[in-house]
Structures are given as structure tokens and as C-alpha cells.
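We did not get these values from a lab; they are worked out from the coordinates using the rules stated. Note that the structure is predicted; figures quoted are calculated from it, not measured. Heads up, the Cβs are rebuilt from the backbone with ideal geometry, glycines too, and the neighbour counts pull from every protein chain shown.
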Amino acid sequence: MKFVQYTLLSGMLITALLMAAMPAAAGKIQRQLTAESTLEQVMRRGVLRVGMDTFLPWAMKDKEGKLVGFEIDVARRLAADMGVKVEFVPTKWAGIIPALLTGKFDVVIGGMGIQTKRALKVNFTIPYDYSGMGIVAHKKKAAGFTSLEDFNSADVEIACKLGTTAATAARKYLPKAGLRLFDDEAQAYQELRNGNVHAVVGSAPRPAYEALKYPDTMFLPLDSNFTKEPIGFAVRKGDFDTLTFFNNWITIVEHEGWLNERHHYWFGTREWADLVE
């Protein structure tokens, strides 16, 4: 009987000790996770490293070689609100997610569409903007084309930037057409100006800008964009604190009206054109 009582008391004591230790252990794990978060590393470093690539008017170089554009404004405002500096890390779009995963920068802020396949590799914030795919065509090579189906033919060639949602959209909506992929978006549009392809599929509003800039050789065959996609920041998986902070920041500046104001400037006007042309 005494042995049973002793065993029970010992078991109760061990249970009590374990229960007492659990909050301390949980607290230690929480502190470790917080210390290892990208957010804490940025704050200690004093620099937010942003992965991006050039897309008009998301991110471009002005006449002096400085980066300007909607994404550049977003990243600079984010860093300023965090009280840190911003460092842009230009990266080829096709390799930007692997570069994020290997720690070459802290976050992708580059007009990245939120897609299921991408979300298997990275975590996305809530959308801070929306984009869509447009198509701009060569006046002679695509004369009389007025629908997507007109371009969905084996004798039609479409140019896109490698690794972008534009390329994904072209494969989905124009599966019969030939697809030519370029590392640089400007190369795709140059091919169109030279008459080497029938059209370029690209993120709005650049197709419309190109048609306005080169009215003698280009036109918009469709009345509107043929897709709509949410745009988010991309961060490495397993970093809840960083993702939550970015989501909160997006909510704050969206309700301020700041995101709409910057979107209108870069996408709704051409007031900035003299900076880059």
C-alpha cells in the first residue's frame, strides 16, 4: 500500500514538474523563433534587402541610373516605416524565388503574382495591388486580329519574359502559338517592334504604353486585359512574425490611401515618363 502511495506521489510530482517546465520551454522556443525571424534580423542589421527585377512601371532605371517605379516606392516606404535603410538586389526573374530561399535578400517586392505553384515554395502576404495580362500586337503581322483566338495558332509567335506570369498566361490561353522567351522584358518588345513576332503578352499597363509610344507599328487587339491576378510580397516559409508584420503594414498604408495614390501615379498617368525616356 505504501509503495502504491509512493508511486502515485512520485508520478504526481513528476507531472507537476513537467507542467511547470512547459511554459518555460515554450517561452524559450518562442524567443528563439522570434530572434531567428527575418523581421528581427532586418531590425538588427538596419537594412531591408529587397529582391526585384525591372518591369515598367513597377521598377525601372531613370536617366541617372537610379531605380524608380511603383515597387521602388513601396519598398522605400516600408523600410522608412521600419526605421531601416533599403537595399535593392536586382535579380533575374526566373531565379528570384531560389535566390529568396537561399537568403540573398529578405523579401521579394517585385510585382509578383500570387500563384498556387509559387505558394508551395514561399509564403505570400495579402495582396497590396492587382495586375493583369495585356497583349500588344504588330500592326502588319497581326492585321485584323481582334481576339485571343486569333493569336492561338501554330503560325503565330508570341514573345514574353522568361519565368513570369505572362509566360504562364500565354501557355494557358494561347497553347497553339509559338512562344519565345527572353530574360529581359525590353528584348521581347524590341522583337515586336522589329516585326519578328506577332505580339507580346505582358503585365499591364506596359502593353498599352508600348502601343501609345509606337502607334505606327503596334496596336491593342483587345479592349481590356484578359486576366486579373493579386500581387503580394514573397517571404520564406515558416516566418510567421515577418509575414504578419508585412500584412499589417499593407493594411495600414492601404487604408491611408497611400497605395492607391502611388498606383494611380505609376499606372494611371505618364507624368513619370520624362524620368526614364
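In this simple spin-label approximation, Glu87 and Leu220 carry label points 7 Å from Cα along the Cα→Cβ vector, and these lie 4.0 nm apart.
Once both labels are positioned 7 Å from their Cα atoms along Cα-to-Cβ, the gap between Glu271 and Lys63 label points is 1.9 nm. Converting phi to 3J(HN,Hα) with the Karplus coefficients 6.51, -1.76 and 1.60 and the offset θ = phi - 60°, segment 171-185 yields 5, 6, 8, 10, x, 7, 6, x, 10, 10, 10, 10, 5, 10, 4 Hz in sequence order, with x at every glycine or proline.
In summary, the convex hull built on the alpha carbon positions of the chain has an orientation-averaged projected area of 20.4 nm². The charge dipole of segment 133-219, taken about its Cα centre with unit charges on the Cβ atoms of Lys, Arg (+1), Asp and Glu (-1) only, comes to about 80 debye. Using 0.36 nm per residue and subtracting the Cα-Cα separation, the extra length available between Asp183 and Glu36 on full extension is 49.5 nm. Here the contact order of segment 133-219, divided by its residue count and restricted to Cα pairs under 8 Å and six or more residues apart, works out to 44 percent.
I'm a student and want to see the number: the projected area of the Cα convex hull of segment 133-219, averaged over all directions, in nm². Quarter of the Cα hull surface area: 4.7 nm². With a Förster radius of 51 Å applied to the C-beta separation of Ala143 and Phe240, the computed FRET efficiency comes to 0.40. Our Cα-only numbers for segment 185-277 put the radius of gyration and Dmax at 17.6, 52 Å.
Between Leu56 and any residue 5 or more places off or on another chain, the built amide H atoms are never under 5 Å apart. Spin-label model, Ala154/Leu212: points 7 Å from Cα along the beta carbon direction are separated by 4.0 nm. Taking trypsin sites (Lys or Arg not before Pro) across segment 75-117, the ones in a DSSP loop with at most 16 further Cβ atoms lying within 10 angstrom of their Cβ are Lys92, Lys104.
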